[in-house]
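Right, one structure below, let's go through it.
The values are calculated or read from the model by the stated rules, or taken from the named source; none is laboratory data. These figures come from a predicted structure and were not determined experimentally. Reconstructed Cβ throughout: ideal geometry from the backbone, glycine too, with neighbour counts over all protein chains shown. Heads up: the accessible areas ignore ligands, DNA and RNA and are worked out on the full protein's heavy atoms, side chains in. Shrake-Rupley method; radii C 1.70, N 1.55, O 1.52, S 1.80 Å.
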Amino acid sequence: MPSLRARARAGEKLIGALLRMPSEELVEMLAVAEFDFVLIDCEHGPADLVALRQHIALAQAHDVPVIVRVGEGDRGQILRVLDQGAEGILAPHLDTTTDAEALVSASMYPPVGDRGFATYSRAGRFGLVDPAEHRDWWLENTLVLGMIESPRGVANVDALIAVPRLDGIMVGPADLAASSTPEDLPVPEAIAAVHSALARAGSLRMDIVGTRDAASAAFVDGADLVVYNLASSLMAHLRGLATPAR
């Protein structure tokens, strides 16, 4: 099967879900439900590497690729999650080209970046993959995404997406709203400006939504990858289940 990056770059519209650990059974349920990918949150969720390895392995057993949202500026975590077989990285709080360049550098093997090289991890099938084949596959197929979550990031969007090998952007609407002041662009206008820049540049756009209708609208509006905020979606469903007519 083509990699997640190859599918997205080929124009497939891909649906996933953002979940926090521990959610091993939810990973499998998403796979059985035929989601295209799983996005595991190690920024706001527990970043336990052993649990994460189990989640990635379970998803791969169902042929579902995993993206991991890492902690801000956490190069070591980027290395470890890619070694465990995650196909993509989503990094929060890209404000400057320095941030974007550091993300790419940490995510990519030389000569593109300076990710530490190893073939004896899960990603290298514990040493059975030829080193050159391993390097070339990950150079071509690692999906590198960043998040714009501040007015500064919005202002710098054109420079950010011009950084070589940064594949795309997801706007973090909650952080953007929290960091905006009355002097900044209203949040809907700021998000629209980012989306317009991505479309002009041909960069991938990932949106986060809470409902099926919102996911459909995001795809119609130009999103390439859409993720459900699973906690929000599940809580809305559970609240409904908890309040039947009596």
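What to note about this one:
- Near pairs, Cβ below 7 angstrom, 6+ apart or cross-chain, from region 1-23 (among the basic types (Lys, Arg) and open to solvent by 80 Å² or more (accessible area, probe 1.4 Å)) to any residue that is assigned to a loop (DSSP other than H, G, I, E, B) and modelled with pLDDT of 95 or more: 13/224
- Verdict on residue 146 being surrounded by 19 or more Cβ atoms within 10 Å (Cβ to Cβ), touching a strand residue (DSSP E or B) at 6+ places or on another chain (Cβ under 6 Å), at pLDDT 95 or above and not polar (S, T, N, Q): yes
- Residue that is most open to solvent (accessible area, probe 1.4 Å) [pool: residues in region 151-165 that are assigned to a helix (DSSP H, G or I) and within 15 Å of residue 104 (Cβ to Cβ)]: 159
- Any chance residue 246 is charged (D, E, K, R), out of contact with any Phe, Trp or Tyr (no Cβ under 7 Å at 6 or more places or on another chain) and at pLDDT below 95: yes
To keep it simple, each residue is scored yes or no on (1) closer than 21 Å to residue 170 by Cβ; (2) in contact with a strand residue (DSSP E or B) (Cβ under 9 Å, 6 or more places away or on another chain); (3) touching a residue at least 40 places away in the same chain (Cβ under 8 Å).
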position	(1), (2), (3)
60	no, yes, no
69	yes, yes, yes
77	yes, yes, no
95	yes, yes, yes
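- Positions within region 77-103 being open to solvent by less than 10 Å² (accessible area, probe 1.4 Å), more than 16 Å from residue 150 (Cβ to Cβ) and of a type outside the set (A, V, I, L, M), in sequence order: 85, 88
- Residues that are open to solvent by 30 Å² or more (accessible area, probe 1.4 Å), assigned to a loop (DSSP other than H, G, I, E, B) and either within 20 Å of residue 107 (Cα to Cα) or not hydrophobic (A, V, I, L, M, F, W, C) (or both), drawn from region 31-76: 34, 36, 43, 44, 46, 47, 48, 62, 63, 72, 73, 74
- One residue alone among 94, 26 is in a helix (DSSP H, G or I) and out of contact with any Cys (no Cβ under 8 Å at 6 or more places or on another chain), and that residue is 26.
- For region 97-112, the tally of residues that are out of contact with any strand residue (DSSP E or B) (no Cβ under 8 Å at 6 or more places or on another chain) and touching a residue at least 40 places away in the same chain (Cβ under 8 Å) stands at 3.
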